Amino acid sequence: AKKSHLLTRYLGEPGDLLAVTGSLGRAAAGLHLLAKNQPLSRTLKEAQLRPQPRVEVGRILADWGKVRSCADISDGLIRDALHTVGPKCGVNLYSSKLPIHHSVRRVAKAQGSSSLAWALAGGEDFELVFSFPKEQENSLHSLAKAEKLRLSVVGEVVKGRGVWLDGSRLPADIRAFEHFRS
């Protein structure tokens, strides 16, 4: 890759917007059903067992030239969004803007689970989360339309470390994925 086209981490600044590619929570919903040995749709099964890294979308975003910072969503949005922000920064996510797949909502309701928790903390979605200057939001929407991409603005970079949801600290029952937690 050209040095000018690299997508790097930890450069998001307060006031930047956060966006994601695709939809969130499908892999977590698929894992939930697989663990319970319950039938699941092809969409959820493939999201968990055959994730597709968003390499081409990453190239398009790099060519766009407005992305300040980017990370893949493998450990959940609430963990990986922090990989896009600079020192002493955090993120405020908007629950109403999260692109949660309709099948995730349906399965969560039937299972007595939270589609919001799966979207925020489920992990393995292999979508991208990225920060970009707020004044480029219209340009992002134009890019999405021109390239036929699903790109959703889901939050903003804020001063102060941590993750907020709709301006408040995360609910205690929503915890980021941790590799070594039992």
### Query
Can you find a residue in segment 78-86 that is out of contact with any helix residue (DSSP H, G or I) (no Cβ under 6 Å at 6 or more places or on another chain), without any contact (Cβ under 8 Å) to a residue 60 or more places away in the chain and more than 25 Å from residue 133 (Cβ to Cβ)?
no
### Query
If the Cβ limit is 8 Å and pairs must be 6+ apart or interchain, which residue in segment 48-69 that is under 19 Å from residue 141 (Cβ atoms) and in contact (Cβ under 8 Å) with a residue 12 or more places away in the chain pairs with which residue that is among the hydrophobic types (A, V, I, L, M, F, W, C) and open to solvent by 40 Å² or more (accessible area, probe 1.4 Å)?
54/126; 58/7; 61/7; 62/1; 62/6; 62/7; 67/7; 68/11
#### Entry: Filter result (in contact with a Cys (Cβ under 8 Å, 6 or more places away or on another chain) and of a type in the set (A, V, I, L, M, F, W, C)) within segment 119-147
128, 129, 130
### Message
Please go through segment 145-156 and give me each residue that is over 14 Å from the mean Cα position of the chain (by Cα) and either among the basic types (Lys, Arg) or buried (at least 19 other Cβ atoms within 10 Å of the Cβ) (or both), ordered by number.
### Response
145, 148
### Failed item, numbered, when residue 179 is tested on (1) assigned to a loop (DSSP other than H, G, I, E, B); (2) modelled with pLDDT of 95 or more
(2)
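The values are calculated or read from the model by the stated rules, or taken from the named source; none is laboratory data. Note that this is a predicted model, so its numbers are computed, not measured. Here the Cβ is made from the backbone with ideal geometry for all residues, glycine too, and neighbour counts use every protein chain on show. Heavy atoms of the whole protein, side chains included, go into the accessibility calculation; ligands, DNA and RNA do not. Shrake-Rupley method; radii C 1.70, N 1.55, O 1.52, S 1.80 Å.
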